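Structure first, commentary second.
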Amino acid sequence: MRYFADKQDVVQDIFSRYPDTERGRRSALMPLLREVQNAFGYVPEENIEEIASLLGNTATEVKSVMSFYSTYHTIPTGKHHLQVCATLSCAIAGSDELWDHLVDTLGIQQGEITKDGLFSIQKVECLGSCGTAPMLQINDEGYHECVSKKRIKLLLDQFRRGEPFNPDILPPIPIHAGQQELENGLPAGGLATTLPSLVEGEA
Amino acid sequence: MTQPSSITVIVDGREVQVPAGTSAIDAVFQAGRDVPYFCSQQYLSPVGACRMCLVEAGTPRKNPDGSWILDEQGNKKIFYFPKPMASCTLGASDGMVIKTLSEGVKKAQAGMMEFTLINHPLDCPTCDKGGACELQDRAFEYGYGVSRFQFDRRHAEKHYELSEFVVLDQERCIHCKRCVRYFEEVPNQEVLDFIERGGHTFIDTIEGGLPSNFSGNITDICPVGALLDNVARFRGRNWEYDHTATTCTACSVGCSITVDARNGRLERIVGRDNPEVNEQWLCDGGRFGHPYVDDGRLTQPLIKVNGQFRPATWEEAIAAIRTGLDGVSAQQMGFFTRADITLEEGIALEAFVKQVGTPNVDHAPRHGVVVNAPAATLLDVATADAIVVIGADLSEEAPVVDLRVQEMLKGGVLPLQYDFGTAIADLRLTERMHRYRERLAVFYPTTTRMHGVADISAEMNSIQVLEHLSSVISGQYAGGAIEEAAALLKNAKKPVIILGSDVLKGGQIGLDIAAHIALSSNAKVLPIPADSNGVGLSRLEIVPQQGADLSLLGTLKAALVSRLTSIPEDFSGFLVVHETQLTEVAKRAHVVLPALTNYEKRGTTVNLEGRLLKLEPAAISSGESADLITALGAVAEALSLKAPIRGQRSAQKALKDRFGVDVADLPAQGKIVDLGRQYNARTSKYHRPEVGMWKETMLRSERLREKLGGSFNAAVAD
Ligand code: SF4
Ligand code: SF4
Ligand code: FES
Ligand code: FES
C-alpha cells in the first residue's frame, strides 16, 4: 500500500526541512520512516520501496539505515509495544525475571503479537533511567519505573480494559508534529527564531 | 598532472618525500615499510572501517611567533597523537613522524586482529580464499597466534547467493565495507549495504539480486573468503592454480586479467591492475564467460568421410586438404577469420594470402570505417570534462568504458601512482562523491543504463543525432537534448565523443559527420571496434580490396574459416574450419582443425585505444589445438608451399619491420602505438558485431547458460 500517495503535504513538509539537493533530500529518510511506523506500528517492505523512490535511492539503503535502529520494526507490533531495558543496571535489578514473566503471562516471544493484537515485547538497551531499574517503555508514551510483577499485572489489566495507564514520566523529549518538545510543551533547544544568528550581520 | 608540492615524512626513521595530500599509509608504503590493512582498496574511498592500519604518528608544532617548538636537544619536538591512528584516513603532513614497529603499534594491531577474528569461523581449510587471503596472511604476520575468546562464535548463513555468480559466506565477512563502497563508487549502483549493526551486521541487497555487468568485481576485492566467484567455487585452491597474466579479448577494451588454470582446465579469471585500462575491474562477461573453454573442446583434427566425421592426425588432415584443394585455383580460394585473432596471426594471414595470390581474405566482424579525428584514450575518458556517447550501449558493448565514464562523473579523480604502485588510500576519493551528471550526454535508439546517470539523454537514431549535432555546431538550432549536448561540447576543455556500433554500422557518412563535430569542438573520439582486435587488424591488408568478402563466400570453390559463428548458406565448396567446438559452421566442414582460444595464445592484441597488449598462454590442455599461424601452415603444406610466417618469432619480426614496434617487449600496461594506415572495405550482414556482454562463443557452455537462466541469446547489432 502506498502510504504517502495522498499525503503530499506531509511529504512536502518533511522535504522542506532539508536542502533541495540530491544528497540533501536523502536526509528525509528518518522522518519518512517514522511517519510510516507511527501509522502502522512497523514499516512494511512495500513502504521501504516507496520511501526509496521518494528519496531517489535504493531500498537496500533505506533498509540499511532502518535496521541500524532497534526502534524501527520490520514486523508488526501490538497496540502496546513493551520495550524492556536489558542493560546492566536493569539486569542487576531483575530485568531478566521481568522479561521471563512477560513472556509467560503474555504467551509471546520477541517478534510476536498477542492474539488480541494488544501486546508485543522487545528487549532494548539502556534508556537512561538506570536509577529506577528495572524499567520499561511503552510505545513512545513514557517510562514505567521500578516495575514489579504486581505493577505489570495492573498495567496489562488496565490496557486490556482499554483504560489508560499513566507512565511515571514522559519520555525526556517527546516529538510532536516533527518538533522536539520539553515536558512543559516548549520546543527543545528553543525556537530557531529566538536564537541569535551565527552569521554576522544577519538578524 | 601538475605535481603537487612535496612534503617530507619520517617513517621508522627514514625520510621520504611524498606529494602533499598523501595519506599516512601511502607514505609508509612509499618508505618501503608495511602496515596491515583490510578496508582500504586502491580505487575506493578510504573510510577507516577495519582499524588494522594503526600506527603511532606525531607532528612538529610551531610557536605563536612561527618558530618550531624544540625539545631539550634542540630538535623539533614531535607531538604524538594520544592514541594509535588509522593511517589510511590520516593525512600525512610535512615533518610528520610515523612509527610502524613500536611495541605500542604491534600491540594495537595484534589487538585489532584479535577483535577481527573473534567471530571469524576460521574455516580456512575449506575456504576458496585460503592461501590467497589477506586476513590469513595478516593474521600470520601481525596476530597473536592464539585466541582468548572462549565463547560461541557468531553463526550465520554460509551459502547465501547474492546472485547466480556471487555467493556470500556471512560468517567470514569482516565488515570492511569494500563491497558496499564498490557498488556505490564504481558502477554507481547502491545495491549492497550493511543490514543490522554490531556483531549482527551482514551484507545484503533487497533489490532482488545484484545487477548484472559489474557484480563479479566484489569477489576480487573482498579481503577474505566472504564473497566468492560462484563459477570457480570449490574448483581449486589458490596454490594449485597456474596463474597467467594476460588480456581479456571478449571485447575491445582489453582488460588485464589473470587466468587461473588447474590440471589443464581454465577455472577462474580475476582482474589484474592496469591503471591505464581497467584499473582493477572486469565486466561479468569477461570474468564469468570462460566455462566454454573446457566444454566439448575439439582436441584433434576431424575429417569427414561419407558424411561422418572421424578423428585424424594433422598429417591426415593436411592430406585431406590437399585432396580437397586439388584443381582449385588461388582465385577460387578464400581465407576468413574472426576479428579477435592476434596481430601475429593477422600478419601471418596477410603474408600467406599474398603468397598464395588470392584477393579473397576477410576478418569479421569489422566496421569498414575510419574516423579522421584525434583518438581518445581511456584515461582521456576518465578525466574528460564532457562526454557525448552516440550509438553505444556502453555497459554491453565495451563494459569497462562505462566504469571509466562513471569515474569522469565523479570529477575524474584518479588515485596517485607511487613507486610501490597505485595509492592504497587516496584521500581525495570519498563516499558518495558528487556526480557531475551535466557533463554526460547519451544518445541511443533505446534506453540504456547510461541514460539513467546522464543529465542529457535521448532515445534517438544515431545518424539523426549526428546530423543535428553537426548542424547545431555549425550554428543552427535543433533544441532539446541535442542543443544541450552541443553546448556541452562547445564549453568543454577536454571533451570526448564515444561512438558505438549504431553509428559505426552505418558506414563512412556518419563517421565523417562525427569527425566534423569532433574537429569543430576540439573533441577526441573513441570509436568502439566490432571485435577485440578490430583496431589492430584494420592496419593489415586482410580485408578484400578486389576479392570476395564474407558475403560472397558462395562464389568460391574452397575456403578456410577460422572461428566464425555464421557463414553464407550458399557456399558449397571445399570447407576447412578452424574451430574450438563442433559448431554449426564446423559441422559443414570437410576438414576441421582444432583451434586455440585466446586464453591459450601467445601474441599481441590491440584494444580500442590502439594500445598493444600482450596475450600469454594459460596452462590449459587443448590437445592438438593450434593457432591460426599453424592452421595456415597446414594449408600451405597442402598446397606444397612454405608459409612465410610459421611461428611467433617470424611474426614478431614481420611486425617489427612493418610497424617498427617490438611486440616481444611491451610494458605491462601495454603501449599505444600509431600503426599507420587503415585498410577499409565494405561491410555486410556478416560483419554485424556482437553488442551484448555475453558472447555467442561463451554461451556454448551449458554451465553458463544455466546460470543466466532460461533461453539466453547473444545480442548482435541489427
Ligand atoms: S563481504 Fe567481504 S568485502 Fe564485503 S564487507 Fe565483508 S569482508 Fe568486506
Ligand atoms: S570490458 Fe571487455 S575486455 Fe574488459 S573484461 Fe569485459 S569483455 Fe573483457
Ligand atoms: S540500564 Fe536500564 S535504563 Fe539504564
Ligand atoms: S582502517 Fe582499515 S585500512 Fe585503515
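Being among the acidic types (Asp, Glu), touching a Ser or Thr at 6+ places or on another chain (Cβ under 7 Å), in contact (Cβ under 8 Å) with a residue 12 or more places away in the chain and within 14 Å of chain A (Cβ to nearest Cβ): is that true of residue B:438 here? Here the answer is no, as residue B:438 does not meet what is asked.
Give the residue that is farthest from residue B:286 (Cα to Cα), with candidates limited to residues of segment B:170-228 that are among the acidic types (Asp, Glu) and within 10 Å of chain A (Cβ to nearest Cβ).
B:196
Do we have any residue at all in segment A:81-98 that's open to solvent by less than 60 Å² (accessible area, probe 1.4 Å), part of a loop (DSSP other than H, G, I, E, B) and within 30 Å of residue A:25 (Cβ to Cβ)? No, segment A:81-98 has no match at all. The residue pairs whose first member lies in segment A:63-77 and is under 18 Å from residue A:117 (Cβ atoms), whose second member is assigned to a helix (DSSP H, G or I) and of a type in the set (Val, Ile, Thr), and whose beta carbons are closer than 8 Å, counting only pairs six or more residues apart or on different chains, do not exist in this structure. Checking each residue in segment A:29-55 for being buried (at least 16 other Cβ atoms within 10 Å of the Cβ) and at the interface with chain B (Cβ under 10 Å from one of its Cβ atoms) picks out A:48, A:49, A:52.
For segment B:476-501, a residue qualifies if it is assigned to a helix (DSSP H, G or I) and polar (S, T, N, Q), and the qualifying residues are B:491, B:501. Away from chain A (no Cβ under 14 Å) and within 16 Å of ligand 4 (Cβ to nearest atom): does that describe residue B:28? Considered against the rule, which asks whether it is away from chain A (no Cβ under 14 Å) and within 16 Å of ligand 4 (Cβ to nearest atom), residue B:28 comes out as yes. Scanning segment B:537-544 turns up no residue that is on the phi > 0 side of the Ramachandran plot and either surrounded by 21 or more Cβ atoms within 10 Å (Cβ to Cβ) or at pLDDT 95 or above (or both).
Let's see how each residue does on (1) modelled with pLDDT of 95 or more; (2) within 16 Å of ligand 4 (Cβ to nearest atom); (3) more than 29 Å from residue A:71 (Cα to Cα); (4) aromatic (Phe, Trp, Tyr):
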{"residue": "B:175", "(1), (2), (3), (4)": "yes, yes, no, no"}
{"residue": "B:194", "(1), (2), (3), (4)": "yes, yes, no, yes"}
{"residue": "B:223", "(1), (2), (3), (4)": "yes, yes, yes, no"}
{"residue": "B:226", "(1), (2), (3), (4)": "yes, yes, yes, no"}
{"residue": "B:231", "(1), (2), (3), (4)": "yes, no, yes, no"}
{"residue": "B:237", "(1), (2), (3), (4)": "no, no, yes, no"}
{"residue": "B:243", "(1), (2), (3), (4)": "yes, no, yes, no"}
{"residue": "B:260", "(1), (2), (3), (4)": "yes, no, yes, no"}
{"residue": "B:267", "(1), (2), (3), (4)": "yes, no, yes, no"}
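Here residue A:58 meets each of (1) under 23 Å from residue B:431 (Cα atoms); (2) more than 21 Å from the chain's Cα centre (by Cα); (3) surrounded by 16 or more Cβ atoms within 10 Å (Cβ to Cβ); (4) touching a residue at least 12 places away in the same chain (Cβ under 8 Å) with one exception, condition (4).
Of the strands (runs of 3 or more DSSP E) lying entirely inside segment B:342-448, those carrying at least 1 residues that are touching a His at 6+ places or on another chain (Cβ under 6 Å) are B:361-364, B:440-444.
What about residue B:577, is it farther than 30 Å from residue B:498 by Cβ, open to solvent by less than 10 Å² (accessible area, probe 1.4 Å), without any contact (Cβ under 8 Å) to a residue 60 or more places away in the chain and under 31 Å from the mean Cα position of the chain (by Cα)?
Taking the combined requirement at face value, the residue satisfies it.
Exactly one residue out of B:235, B:262 is within 30 Å of residue B:126 (Cβ to Cβ), of a type in the set (D, E, K, R), in contact with a helix residue (DSSP H, G or I) (Cβ under 7 Å, 6 or more places away or on another chain) and open to solvent by 20 Å² or more (accessible area, probe 1.4 Å), and it is B:262. For segment B:395-435, the set of residues classified as without any contact (Cβ under 8 Å) to a residue 40 or more places away in the chain and within 14 Å of chain A (Cβ to nearest Cβ) consists of B:434 only.
Among residues of segment A:130-141 that are within 16 Å of ligand 4 (Cβ to nearest atom), none has a beta-carbon under 7 Å from a residue that is of a type in the set (A, V, I, L, M) and not in a loop (DSSP other than H, G, I, E, B) at least six positions away or on a different chain.
Checking each residue in segment A:1-57 for being over 30 Å from residue A:118 (Cα atoms) and outside any helix (DSSP H, G or I) picks out A:16, A:17, A:18, A:19, A:20, A:21, A:27, A:28, A:56, A:57.
Of the residues making up segment B:162-194, those that are assigned to a loop (DSSP other than H, G, I, E, B) and touching a Gly at 6+ places or on another chain (Cβ under 8 Å) are B:162, B:163, B:164, B:165, B:169, B:172. Is one or more of the residues making up segment B:674-695 closer than 23 Å to residue B:604 by Cα, among the hydrophobic types (A, V, I, L, M, F, W, C) and not in a loop (DSSP other than H, G, I, E, B)? No: zero hits. Here residue B:135 clears all of (1) assigned to a helix (DSSP H, G or I); (2) closer than 25 Å to residue B:403 by Cβ; (3) out of contact with any Cys (no Cβ under 6 Å at 6 or more places or on another chain) except the condition numbered (2). From the list B:74, B:13, B:66, B:32, the lone residue that is more than 16 Å from ligand 1 (Cβ to nearest atom), under 39 Å from the mean Cα position of the chain (by Cα), surrounded by fewer than 17 Cβ atoms within 10 Å (Cβ to Cβ) and more than 30 Å from residue B:188 (Cβ to Cβ) is B:32. Scan segment B:20-41 for residues that are closer than 15 Å to residue B:93 by Cα and assigned to a loop (DSSP other than H, G, I, E, B) and the total you get is 4.
The single residue among A:98, A:88, A:154 that is in contact with a strand residue (DSSP E or B) (Cβ under 7 Å, 6 or more places away or on another chain) and either without any contact (Cβ under 8 Å) to a residue 40 or more places away in the chain or away from ligand 1 (no atom under 16 Å from the Cβ) (or both) turns out to be A:98. Taking interchain pairs and intrachain pairs at least six residues apart, which have beta carbon atoms under 8 angstrom, with the first residue in segment B:205-224 and within 15 Å of ligand 2 (Cβ to nearest atom) and the second open to solvent by 10 Å² or more (accessible area, probe 1.4 Å) and among the acidic types (Asp, Glu)? Partner pairs satisfying both residue conditions: B:213/B:396; B:216/B:229; B:219/B:229.
At least 3 residues being more than 12 Å from ligand 3 (Cβ to nearest atom) and away from chain B (no Cβ under 14 Å) is the threshold, and among the strands (runs of 3 or more DSSP E) wholly inside segment A:103-167 those reaching it are A:119-124. I'd like to know if segment A:62-72 contains one or more residues that are open to solvent by 60 Å² or more (accessible area, probe 1.4 Å), over 21 Å from residue B:191 (Cα atoms) and within 14 Å of chain B (Cβ to nearest Cβ). Yes. All told, residue B:519 falls short of being farther than 14 Å from residue B:365 by Cα and open to solvent by less than 10 Å² (accessible area, probe 1.4 Å). Per the conditions (1) of a type in the set (A, V, I, L, M, F, W, C); (2) modelled with pLDDT under 95; (3) within 30 Å of residue B:498 (Cβ to Cβ), the sole criterion not satisfied by residue B:643 is (3).
The values are calculated or read from the model by the stated rules, or taken from the named source; none is laboratory data. Keep in mind the model is a prediction, meaning the values are calculated, not measured. Ideal geometry is used to build each Cβ from the backbone, glycine not excepted, and the neighbour counts take in all protein chains shown. Accessible surface areas use protein heavy atoms only, side chains included; no ligands, DNA or RNA. Shrake-Rupley method; radii C 1.70, N 1.55, O 1.52, S 1.80 Å.
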